[in-house]
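Some notes on the structure that comes next.
Bear in mind these aren't lab numbers, they're just calculated from the coordinates by the rules spelled out. These figures come from a predicted structure and were not determined experimentally. Heads up, the Cβs are rebuilt from the backbone with ideal geometry, glycines too, and the neighbour counts pull from every protein chain shown.
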Amino acid sequence: MSPRRQKNGGTRFPDAPLDGPLLEVDNVKTMFKTPRGLVHAVDGVEFTLERGKTIGIVGESGCGKSVLSRSIMGLLPNNVVREGSIRFEGNEIGHAVGEEMRHFWGTQMSMVFQDPMTSLNPVMRIGNQITESLRYHLDVSKDYANEAALALLQSVGIPEAKRRLREYPHQLSGGMRQRVMIAIALACGPKLLFADEPTTALDVTVQAQILDLLQQQQRERFMAMVLVTHDLGVVAGRTDDIAVMYAGRIVEKAPTRLLFSETRHPYTEALLKSIPKLAQPSHMRLDAIAGRPPDLVNPPPGCKFAPRCPYAQARCLVEEPPLDDSATPGHAFRCFYPVGSNEGKDALARNLAAGATASGRPVFAEGDALATGTVVV
Amino acid sequence: MRTALRRVIQLVVVLLCVSFFSFALISLFPGDPVVAIVGFSSAPQRAEIRHELRLDEPFIQQYGHWLGNFAKGNLGNVYYGPTGRGKVSTQVGQSLPISLQLMAYSMIITLLIAIPLGVFAAYKAGSVFDKLANATAFGSIALPDFALALILSYWVGVKLRWLPSSGYVHPTANLVEHLKSMTLPALSLAVGQIAGYMRLLRSDMIATLQEDYILMAKSKGIPTRRILWRHAVRPSSLTLLTVAGLNVGALIGGAIVVELIFGIPGMGRLLATAIFTRQFVELQSIVALIAIGYVIVNVIIDVLYTVFDPRIRDARAIA
Amino acid sequence: MLEPSPSAVATKEMAGGTGGPPDALAEAVEFEVSRTKRYGVSGWLAMGWLAFVLVCAILIPMFMHAPVNTGKYANKGFLDELKFPLGTDGNGNNMVLLLAKGARNSLIVSVGAILFGLVVGGSLGLVAGYFRGRLDSILTGIFNILLAIPQLVLAIALVSVLATDTIDNKGIPHPVSSGRRLLILVIALGIVSVPILARITRANALQWSQREFVLAARAQGARNLTVMVREVLPNVLPAMFSIALLGIAVAMVAEGGLSILGVGVHFPSVSWGNMIAIGRADLRASPHIVFEPIACIFLTVLSLNYLGDVIRARFDVRESVL
């Protein structure tokens, strides 16, 4: 039985403007209905992505970054409430459901998932997993699809690609499987690629290779990419922009270089401290961020990071800071007492003097042998 | 290659054990088996039959002799009184195909109905359809196949007169009548099996549909129908396959009883007659035959496993 | 077939994928699972029916007697006369009385068989799972051979051998007494259930025998028998019990099958199975004689299956060990 053939590759919106942004996300909210109540997984996110550009979305697990990318793609289960506007090439897709979104999946946007061990069908040959979307979306012959799959496997750097087409996922190493996943995602030439923690499940040694491959493919194909990760080290130098997410919100957004050089949000600062640096002595202690992310069913009023923030003041606990642009264009953050500013320095000094933040979390200057709370350098 | 050899040896050992067990079991027969088999007879006649059955030899020799004949297809004799003889193999040759037909039909009905139902119930898990299908299945499992056979034969056969309520027509004689005569028996066997398979496939399928690779397939933009049938059914059917092997046992038992209810001259009737006329040689052969068939079916299913799941194929090659 | 298929392992691996749904979703799923299952209305209905059957089986044959002029009342249908709400059979016996007597024997056979299976299979399984090693291999091998014969065929073979009529040299058969026949049915169906119950017990005993408190008891020098009975057995019982409920249902149905084959309960004893087998001859004229015991078997099996499932869910008995 041959699949129902449909031609969707790029022909759906012939009048799509080629100059506007590729993706505009505006005030997107995603909520899960659970017996405990609504979980506000994504709570008012906005960003814009130009053609051929990359954005990194960074945050701890549970911050809503994966849900955000799945929300944009419309890949969420039925117990989800999605609000806000998502425009792809100027067309609203925020309210599209199942059948309507299917024409976008694969051809317009596709996704590379976190775990290549579980994301490939264990009982289907690799070749078939690549060709099936080609055959369905582009209505090509079997031979042509096989040729294309072979070329794809070669382009993602799989040796002996011809033999691999006939193999099953379990016969490949983790890195190879992730390359296959990338090949599948690229098969129908999407304009936008979501990479959801693409290297988290892999060996450290292959992580860089996969990231390089993604970057290379993204440039060659002039494809936009959303790179989701919990590791700022992964996005450093590989993306145009970075959005840092916390508790379903973007807390800081900046061009990549700027985010590292002019960090403003205390949460971004804390994330930066948790990256191991080559310059550090090998036994140097990495700072984990103390405390846990807030409950997304009943989030606290005020700044969501305040309970864990060494800068937190009384105002932070009652009033939520808006996502405001800073003096530098393209840089926005959500904080009343930004890092590096005078307000921030004063706030920190006050907390250190008091020995605790406004939320009652103890803070110590570094070097205090008994330090158990948030350590400030 | 070595694994294949090991498996063959294993199979031979199992078959030997099972055949020995079947043989020994019936030999537990209390009293004089010769008297039981032929009834009224003279002493010399009994001595002759005793010698024929090698009952005067040690037990192991009896078994060896029986096994040798069994392997050659000589399943022993049926005794009609002290002098009449019939061949068990001839009777089995007539009855076995009929039973196999019945089981094959019910298997086909089962798979044709259970798989789509299970897939759809899993896809619509929690829906009204799912709940209804699940409840119906739970009820069907509690209805024994002989009970359903009697209900169908009374309702469809006697009251509505749509289909014959008993009797068997050979397929070469009249194919339509043959299928008509087999419909109710096959259906009686199938309903319980459908329910079991459906519930099993449904629960495995629900687990599969939560797998990452299903989300991955969805993100490729291929239709739901294709995701369900191409991506989800095969990995979900492994438990089903195992249970199918075990279920053949239930199917055999069910077929024996259902055949009797619908007057179908299969192995069930042969077995019932053998018990009723105390033909213990025949009983031995039939029990051994069924047990061996059951073992072989399960071996075939074990092989099918590797076809269904390439990971096992390789795991076995390594082992 | 004698060793656990590697496929079972592979299936488990497949199910335990690490990269699950997004976190919020995982939380929702977890919450759903943690809700404990209660018996519910259906559970109480099931228990009610079983209690009703039990009470009827004991009390009705004690207080109700067969009518004197049976011929006069023969073949009354369902609700034909108020005196016989469930009708009468071809001999004018009140169906209510017959069903109650049938319930008694059906229960004796099925419950008795499973008790036999629990005692024999349970202790063998416990020993195999606790001691492991060669003893375990031998016992498992025996169970597997028993399991290689379809259950009903094994039961037929056992009953037809054990309960065969003895024939003297003059060719005159001496039938087995009905009480003895009942006992043979219990033993035969019990033997059939032994390997199944033994396997379940063994699998669970194997698991529990490795737990710290069992190892601690052994390290303290407690006798093996004491450890088995005091530490392992109580933990294995829920699994055995839930399978036993299903087993009673299976045995009850098997008794029906045996009766239809003519090797079940014999006249003058009555069981639901042999009511069906006898009534079958007159299905056209008086279907109620067949359908009433069928309804009884159906409801009883349904109740037992349901309760077995509920118990299995409550104690998280793994289905995979089946």
Checklist entry - What list of ³J(HN,Hα) values in whole Hz, one per residue of the range B:164-179 in order, does the Karplus curve 6.51 cos²θ - 1.76 cosθ + 1.60 (θ = phi - 60°) give from phi, with Gly and Pro shown as x? => result x, 8, 6, x, 9, 10, 6, x, 6, 6, 7, 5, 5, 5, 4, 5
Next on the checklist: Run lengths n ≥ 4 of DSSP H only: what is the helix-derived mean residue ellipticity at 222 nm for the protein assembly as shown, with -39500 (n - 2.57) per run over all residues, to the nearest 500?
Outcome noted: -18000 deg cm²/dmol
Next on the checklist: Just to confirm the number: angle between the C-alpha axis of helix A:342-354 and the first principal axis of chain A, 0 to 90 degrees, nearest 10?
Outcome noted: 60
Item to check | In degrees, nearest ten, helix B:59-72 long axis to first principal axis of chain B (Cα) | outcome: 60
Item to check | Antiparallel bridge percentage (DSSP; both residues within chain A; nearest 5) | outcome: 60
Item to check | Convex hull (Cα only) mean projected area of the range B:96-275, reported in nm² to one decimal | outcome: 11.9
Next on the checklist: If I model a spin label at A:GLU100 and B:PHE138 as a point 7 Å from the Cα along the Cα→Cβ vector, what separation in nanometres do I get?
Outcome noted: 3.9
Checklist entry - Taking chain B as a Gaussian network, Cα atoms linked when under 10 Å apart, which of B:ASP204, B:ASP145, B:ASP212 shows the biggest mean-square fluctuation? => result B:ASP212
Checklist outcome for this item: Within the range A:144-193, DSSP-loop GluC sites (Glu not before Pro) with at most 15 other C-beta atoms within 10 Å are A:GLU160
Item to check | Exposed chymotrypsin sites (Phe, Trp or Tyr not before Pro) absent: longest stretch of chain B, with sites in DSSP loops and at most 14 other Cβ within 10 Å deemed exposed | outcome: B:163-319
Checklist outcome for this item: Residues whose modelled amide H sits under 5 Å from the amide H of A:GLY84, counting only those 5 or more places away in sequence or on another chain, are A:LYS29
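Can you give the net charge of the other residues whose Cβ lies under 13 Å from the Cβ of B:TYR168, counting K and R as +1 and D and E as -1?
On the way: positive: B:LYS180, B:ARG269; negative: B:GLU177, B:GLU259.
So the surrounding residues net to 0.
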Next on the checklist: P(r) for the protein assembly as shown, please, calculated from all Cα pair distances in 10 Å bins and given in %.
Outcome noted: 2, 9, 16, 18, 16, 14, 11, 8, 5, 2, 1, 0, 0
Next on the checklist: Please compute the Kirkwood hydrodynamic radius over chain A, one decimal place, Å, based on all pairs of different Cα atoms.
Outcome noted: 22.2
Checklist entry - Around B:GLY118, what is the net charge, scoring Lys/Arg as +1 and Asp/Glu as -1 over all other residues with Cβ under 9 Å from its Cβ? => result +1
Checklist entry - Cβ under 9 Å from A:GLY302's Cβ, A:GLY302 left aside: what net charge do those residues give with Lys, Arg +1 and Asp, Glu -1? => result 0
Item to check | Only Lys, Arg (+1) and Asp, Glu (-1) charged, at Cβ; chain A dipole about Cα centre in debye | outcome: 920
Checklist entry - Of A:LYS273/B:LYS220; A:LYS253/A:LYS273; A:LYS162/A:LYS191; A:LYS33/B:LYS131; A:LYS29/A:LYS191, which pairs sit farther than 29 Å apart, going by alpha carbon to alpha carbon? => result A:LYS273/B:LYS220
Item to check | 3J(HN,Hα) from dihedral phi, the range A:46-58, Karplus parametrisation 6.51/-1.76/1.60, rounded to Hz, x for glycine, proline | outcome: 9, 6, 10, 10, 7, 4, x, 9, 10, 10, x, 10, 10
Checklist entry - Other chains near B:111-122: what is the mean number of their Cβ atoms within 10 Å of each residue's Cβ? => result 0
Next on the checklist: Taking amide H atoms as placed 1.01 Å from N in the peptide plane, list the residues 5 or more away in sequence, or in a different chain, whose amide H sits under 5 Å from that of A:ARG249.
Outcome noted: A:ASP43
Next on the checklist: Using a Förster radius of 41 Å, what is the FRET efficiency between C:PHE131 and B:ASP32 based on their Cβ-Cβ separation? Nearest 0.05, please.
Outcome noted: 0.45
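So what's the convex hull volume per residue for the Cα atoms of the range C:247-322, in Å³?
97
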Checklist entry - Cα axis of helix B:43-52 to longest principal axis of chain B: angle in degrees, 0 to 90, nearest 10? => result 40
Next on the checklist: Quick one: 3J(HN,Hα) in Hz for the range A:73-83, Karplus 6.51/-1.76/1.60 with θ = phi - 60°, rounded, Gly and Pro as x.
Outcome noted: 6, x, 9, 9, x, 6, 8, 10, 10, 10, 10
Checklist entry - Counting partner chain Cβ atoms within 10 Å of every residue's Cβ in B:6-15, what's the average? => result 2
Checklist entry - If we sort C:175-186, C:240-251, A:297-308 on the protection proxy, mean other Cβ atoms within 10 Å, highest first, what's the order? => result C:240-251, A:297-308, C:175-186
Next on the checklist: Could you tell me the extents of the range C:128-249's C-alpha atoms along the three principal axes, largest first, rounded to whole Å?
Outcome noted: 67, 27, 26
Item to check | Beta bridges by DSSP in the protein assembly as shown, antiparallel share as percent, to the nearest 5 | outcome: 65
Item to check | Relative contact order of chain A, defined on C-alpha pairs under 8 angstrom at six or more residues apart (%) | outcome: 17
Checklist outcome for this item: Amide H neighbours of A:PHE364 at under 5 Å, excluding residues fewer than 5 places away on the same chain, with H built from the backbone geometry, are A:THR374, A:VAL376
Item to check | Relative contact order (%) - criterion: Cα under 8 Å, at least six apart; region: chain B | outcome: 25
